[in-house]
1. Helix-derived [θ] at 222 nm for the chain: sum -39500 (n - 2.57) over DSSP H runs of at least 4, divide by residue count, nearest 500?
2. Based on the mean of other Cβ atoms within 10 Å per residue, sort peptides 215-224, 27-36 so the most packed one is first.
3. Would you mind getting me the FRET efficiency between residue 200 and residue 262? Use the beta-carbon distance for r and R0 = 30 Å, nearest 0.05.
4. Could you pull out which residues in the stretch 1-15 have an amide N less than 16 Å from a spot 7 Å beyond the Cα of residue 48, following the Cα-Cβ vector?
5. Given an 8 Å cut-off on Cα distances and at least 6 residues of separation, report the relative contact order of the stretch 261-352 as a percent.
6. Restricting to the chain, what percent of DSSP beta bridges are antiparallel, rounded to 5?
7. Looking only at the stretch 301-333, which residues have a backbone nitrogen under 18 Å from a spot 7 Å from the Cα of residue 346 in the C-beta direction?
8. Which whole-number percent gives the relative contact order of the stretch 118-351, counting Cα pairs below 8 Å spaced six or more residues apart?
């Protein structure tokens, strides 16, 4: 089998179907995810372990394959003919190789993504800590890429991204952009982040904050004149703040509360909701830091943040239920999906 041709044909299938993911595994036919649903390509033959090793051989170099066999996990990216990029993960199940690929959308503008204009204002800030959060597959990386590219197109700044793996590829315009991939350009997130202080950087994109050391250094960078943007797999702004603080030992939590209260710009939580007309549309929650929010963080009253968001619309904050309600009223999404994606269905019912 020509594994390169076969794999690229599968990728093309995902692109043509407007899919988001490609699943390959020994012992079953390939599958793609379209509009949130898995579709099995039943006309294709069942893949064997030999096939999976063949795909690996054209996706990873020998060193990465050795590391995969040793560590039994691997993250990587794949460039499809310069036309599309995929983020991949390889793993074993029952001793058999499996791979999942996520199609990385091209860098789009905030307007094209139908995201609020206030994200552009936050992108123009000179310093501070901004987080885009939400479950896996909800467009967090795509939102961050739009913010980074807005800076790139408007300002002469030095932007460093630290990613595992590199997803969106940026074409430098007014800015210098250096993209560093963990495992290739640096050993890990924390080491790369410590080094940025010597690299005359203005904007730092951290693909994911995985440990307290990385979080602490990111907050310090935001306090010392840098714009730091990153992601976490959390559901709400309040949950995000608790997750950050709880990742530290008890003896350090008061300090990180104080630092976070001072450096935080905001937290943007997003979901991609199926549109009635087809495709996906974002619904979101936006917390903006102000004196009231900073006090709640310092005073261990993060459980009150949801109320601040609900009552803070005049300051630019957005409550998820109001975002969902706006989409329902505009005829973009069904009321059933609004309830399904709401984190407070009873609150949504009162609004409706």
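1. That calculation yields -11500 deg cm²/dmol at 222 nm.
2. The densest-packed peptide leads the list: 215-224, 27-36.
3. E between residue 200 and residue 262, to the nearest 0.05, is 0.80.
4. Under 16 Å, as judged by backbone N against the label point of residue 48, lie 1-3 of the stretch 1-15.
5. This gives 28 percent for the stretch 261-352.
6. 60
7. Once the point is set 7 Å along Cα→Cβ of residue 346, 303-308, 310, 320-322 turn out to lie under 18 Å by backbone N, inside the stretch 301-333.
8. 20
Laboratory data are not the source of any read-out in this text; all were calculated from the coordinates shown. Remember, it's a predicted structure, so these values are computed and weren't measured experimentally. Positions of Cβ are generated from backbone atoms using ideal geometry, with glycine treated the same way; all protein chains shown enter the neighbour counts.
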